[in-house]
Structure formats: structure tokens, C-alpha cells
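Below is one structure; the comments refer to it alone.
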Amino acid sequence: MKKRVLICAMIALLWLQNIYAQNTYTNPVIRKYLADPSVIKANDGWFYVYATESAGLAIPIYKSQNLVDWTFVGSAFTKAGRPTFVKNGWLWAPDINYINGKYVLYYSMSVWGGEWECGIGVATSSSPSGPFKDHGKLFTSSEIGVRNSIDPCFFQDKDGKKYLFWGSFHGIYGAELSADGLRLKKETKFQISPIEGKNRTLVEGTMMMRRGDYYYFFASAGSCCNELNSTYHVVVARSKNIKGPYLNKAGQSIMDHFSDVVLQGSDKVKGPGHHSELIKDDKGSYWVLYHGYDVMNPSDGRLLFLDKVNWDKDGWPFFTGGKPSEKSVKPTFSATAVNDVTAFNKTYTITNSGENHYEIHAPVHSSFIWSLYNICGERIKSGRATEVQELWVNDVANGIYVVKVNGIAGKLEQKIIKVDR
């Protein structure tokens with residue numbers, strides 16, 4: 001009898017170990033040079049990551065269903081379509097977004113030492129896989145008056161205003177964008193981080209997000225690219241105003257004081273930083289991709305890592321242990337496809353363009369009536385629009401809803417969406 005119980009216990013243990021192995025991942029998630037990652041969940045339900053590659057010649061694209069298992073897709077640009085506004089320039093730090101029915105890719109173009117010649121460009125595509133059509137530069141450092149204008153970061157606020165943040169160790173700046181995201185309103189430029197001075201954190205690799213009443217300003221400080229000598233690390237500050245002042249945990253402005261460190265190197269990973277957009281999984285946990293050096297194989301370059309971002313009782317983000325994980329439980333995306341179920345015809349499209357934000361598109365000059373229903377079939381809100389309608393659902397309770405669009409010509413489109421705030 002005891003022998004039988006022991007065998008059953010061993011079988012149960014092996015079963016649990018197998019389940020654990022299936023639900024965990026090991027860093028790095030991609031053992032290839034993929035620095036400065038930017039990630040988006042596309043309309044096809046896949047996550048796409050865009051990054052800097054070692055030679056700076058292209059912007060590689062990978063896709064995944066769970067942020068862990070990735071497949072190479074290709075390059076954002078064809079050889080003939082590669083940007084050229086900086087002679088012999090490298091492509092760095094892409095930032096991917098979905099704006100007005102198009103995938104919009106911001107990118108840096110630079111050469112080492114060319115801090116006044118570098119700049120930021122923009123390209124668009126109808127597909128997250130590309131190829132992207134380059135629209136040229138938005139600006140160069142000399143044109144915008146910001147030394148080393150690199151590392152773009154797009155942010156759309158709850159009021160619909162679109163912003164671009166950028167910069168490096170000579171200050172981080174922001175400015176409003178046009179509705180299509182293809183033009184910078186230079187006259188709206190503002191500064192959110194210091195240029196120089198003691199007891200201050202000089203940063204680059206900006207990533208902005210809004211959570212609750214606060215705008216969170218994530219960035220990276222230190223040296224990014226010196227293999228085992230890299231000191232790159234992630235810092236954070238926050239503000240109730242998008243233009244600042246951004247404060248550290250002590251309530252001090254980061255224009256005069258240090259930002260708070262949330263992620264730094266370990267004995268196994270050096271130089272972690274320049275992380276992606278924060279992705280929320282089905283359990284409400286936030287995740288980021290970032291680059292770092294594997295201490296055992298530093299010559300492999302800046303590899304792609306994944307980790308969860310936690311939040312303390314005061315609303316400040318932190319990484320478990322403050323360092324990259326070796327092995328962790330995978331993100332939960334069992335209901336990922338819920339956000340991407342589109343039915344009937346393609347005359348009208350309903351697309352997810354941000355957290356709890358959707359866009360309804362119709363043919364040119366075409367009018368339509370849109371409605372939001374809860375799972376019980378009760379209409380929550382509705383309206384009439386022509387061509388494009390932005391739909392924010394951050395004012396309704398969490399749950400499953402249906403967006404319905406009725407065209408004047410009798411065409412119908414509907415989409416099941418999940419609201420999770």
C-alpha cells in the first residue's frame with residue numbers, strides 16, 4: 001500500500017513539474033541582438049516587437065502570441081525603402097503605434113558622434129509586418145534645438161491628444177503631434193528632464209504611460225553598450241501633469257534631484273534598460289520587454305528580456321528584486337483573441353488603438369451609427385459619425401461588451417471587446 005502511495009505521489013510530482021515547466025519561461029526570451037524594443041498588439045491578435053539590430057542597417061520584426069515564444073517576421077523597411085535623411089545613418093530605437101487605421105513607426109537615425117545631425121523620422125504601413133513607407137524626418141537635432149534627438153516615444157492621452165517624447169542625456173522633451181501622428185507641432189515643445197548638473201539623473205530611452213491619476217516617466221540611465229561594463233538601468237518618476245514637474249518618491253522634482261531606480265544589473269545580466277511599452281495581460285499584470293547583456297555570453301550583444309512590473313501600495317512600479325529574472329511564470333493571455341473578434345464584412349472596421357481605446361473607420365464620406373452594448377444586450381452609449389469615430393471605454397465597468405456599427409447603406413459590423421481597467 002505504501003509503495004502504491006509513493007508511486008502515486010511521484011507521478012503527481014512529475015505532473016506538477018511538467019505543468020510548472022509549461023507555465024514558466026527563461027530569460028532571455030530571444031537570444032539575438034534586439035536592443036531598444038517596442039511592442040504592439042496588432043489587430044490580428046499577435047504581439048509584434050521592433051528593435052535595434054547590431055549593425056543599425058534594419059529594424060527587425062518578431063511576432064508572438066504570449067510575449068515569450070517569438071517568430072521572426074522580417075524587416076520594417078525594404079532595401080530600397082530604407083530612410084536616408086542622415087547620410088550613412090544607423091536606424092535606432094523604433095517606436096511602433098497604431099494611429100488612424102495605420103501602423104505608425106517612429107525611428108531614430110544617427111551616426112556615432114553626430115549629435116546635432118541625428119533626428120527622428122516616421123513611416124507607416126497597413127500591416128504590422130511591413131513593409132513600411134518612409135515619410136522622412138520629423139526633425140533633426142539642429143532643427144528642433146535639442147542635442148542628440150533620438151529615442152522617440154509616442155503617447156496618446158485620454159483626451160485624445162497625441163504626443164511625441166524624445167531625447168537623450170541632454171534632456172528629454174515632448175511636443176504635440178498632428179492627429180495622424182505624422183507632423184510635430186514644434187511650437188508646443190516642453191522639457192521634462194534635466195540637461196546637466198550634480199545630483200540629477202540624466203536619461204534616455206523614454207517610455208511614458210498613464211495609470212490612475214499619474215503620468216509615469218520611465219527612462220534609462222548609465223552606459224548602454226559596453227558589454228560587461230554597461231551600467232544601464234531603469235529609473236522612474238511621475239506627475240499629475242503630462243508636462244511635469246515629474247517627481248521622485250520623496251516628492252522632489254527630477255530637474256534638481258535623482259530619479260528612483262527600479263531595475264538594474266545583476267551578476268547574470270548587465271545593462272538592463274530601454275524597455276518597451278507596458279503590456280497588460282488577462283490577469284491585470286503589466287509586462288515589459290527590455291534589452292540586456294548575458295554575463296556568460298556578452299559578445300552576443302543586447303538580448304531581449306521579459307519581466308513583470310509590479311505596483312506598491314502607493315502606486316509606484318517595481319521589479320521583483322529590482323533585477324532581471326532568470327525564470328518566471330508566463331504572462332496570461334488565454335483571452336487574447338477576445339479583443340480581436342471582428343465579424344461580417346470589411347466595409348466598416350473597429351480596431352483597438354490603445355488601452356480601452358478603439359477607432360471605428362468607414363469609407364470616405366460615409367456616415368454610420370455606432371453603439372456600445374453590454375453582455376446583456378443593454379445599450380450603454382451610442383452616436384453618429386462620418387468616416388472616423390474614436391471610442392473610449394474607460395468610463396464603463398470592467399467586462400465584455402459588443403460594439404456595433406450600422407452603416408447608412410445597411411452594412412453591419414460588430415466587435416466583441418474586453419474592458420479591463
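The values are calculated or read from the model by the stated rules, or taken from the named source; none is laboratory data. All values derive from a computational prediction rather than experimental measurement. Cβ atoms come from the backbone with ideal geometry, glycine included; neighbour counts cover every protein chain shown.
Are any residues in region 354-381 over 21 Å from D395 (Cα atoms) and aromatic (F, W, Y), and if so, which ones? Before the answer, list the steps.
Residues of region 354-381 over 21 Å from D395 (Cα atoms): 361-368.
F368, the sole residue that qualifies.
Please state which of the following conditions P363 fails to meet, knowing it meets all the rest: (1) assigned to a loop (DSSP other than H, G, I, E, B); (2) exposed (fewer than 12 other Cβ atoms within 10 Å of the Cβ); (3) more than 27 Å from the chain's Cα centre (by Cα).
Going through the list (1) assigned to a loop (DSSP other than H, G, I, E, B); (2) exposed (fewer than 12 other Cβ atoms within 10 Å of the Cβ); (3) more than 27 Å from the chain's Cα centre (by Cα), P363 breaks only (2).
Give the residue, chosen from E378, E390, that is modelled with pLDDT of 80 or more and surrounded by 12 or more Cβ atoms within 10 Å (Cβ to Cβ). Don't jump to the end; show me each part of the working.
On the way: E378 fails: surrounded by 12 or more Cβ atoms within 10 Å (Cβ to Cβ).
Residue meeting the stated conditions: E390.
Within region 78-110, can you find the residues that are more than 30 Å from Q389 (Cβ to Cβ), of a type in the set (A, V, I, L, M, F, W, C) and out of contact with any Asp or Glu (no Cβ under 7 Å at 6 or more places or on another chain)? If you could, list the steps in order and put the result at the bottom.
Quick first cut of region 78-110, residues more than 30 Å from Q389 (Cβ to Cβ) only: 78-93, 108-110.
With of a type in the set (A, V, I, L, M, F, W, C) added as a condition, the list becomes 80, 85-86, 90-93, 109.
Residues satisfying the conditions are A80, F85, W90, L91, M109.
Applying the selection to region 178-202, what residues are surrounded by 13 or more Cβ atoms within 10 Å (Cβ to Cβ), of a type in the set (D, E, K, R) and more than 20 Å from the chain's Cα centre (by Cα)?
Within region 178-202, R183, K185, K186, K189, R200 meet the criteria.
Run G205 past the list (1) within 20 Å of the chain's Cα centre (by Cα); (2) closer than 18 Å to I242 by Cβ and report the number of the one that doesn't hold.
Tallying (1) within 20 Å of the chain's Cα centre (by Cα); (2) closer than 18 Å to I242 by Cβ, G205 fails exactly one: (2).
Got a sec? Which strands (runs of 3 or more DSSP E) wholly within region 98-165 have at least 3 residues that are farther than 23 Å from D44 by Cα?
Details: elements: 102-110, 119-125, 133-140, 153-156.
Passing ranges, in order: 102-110, 119-125, 133-140.
For residues that are touching a Pro at 6+ places or on another chain (Cβ under 6 Å) and acidic (D, E), tally how many sit in region 272-306. Full working, then the answer.
Start the filter on region 272-306 by keeping residues that are touching a Pro at 6+ places or on another chain (Cβ under 6 Å), which leaves 272, 276, 281, 287, 289-290, 292, 303-305.
Now narrow it down to the ones that are acidic (D, E): 281.
Looking only at that region, the number is 1.
Could you check how many residues of region 236-282 are assigned to a strand (DSSP E or B) and within 30 Å of S334 (Cβ to Cβ)?
Residues of region 236-282 assigned to a strand (DSSP E or B): 236-239, 247, 253, 260-263, 269-273, 279-280.
With within 30 Å of S334 (Cβ to Cβ) added as a condition, the list becomes 236, 262-263, 269, 272, 279-280.
Going through region 236-282 one residue at a time, the tally reaches 7.
Given K79, K137, which one is more than 30 Å from D307 (Cα to Cα) and either free of Cβ contacts under 8 Å to residues at least 40 places away in the same chain or among the hydrophobic types (A, V, I, L, M, F, W, C) (or both)? Talk me through it step by step, then tell me what you get.
Details: K137 fails: either free of Cβ contacts under 8 Å to residues at least 40 places away in the same chain or among the hydrophobic types (A, V, I, L, M, F, W, C) (or both).
Matching residue, one of K79, K137: K79.
Can you confirm whether K330 is among the basic types (K, R) and modelled with pLDDT of 95 or more? Reasoning before the result, please.
On the way: among the basic types (K, R): yes; modelled with pLDDT of 95 or more: yes.
Judged against the criteria, K330 is a match.
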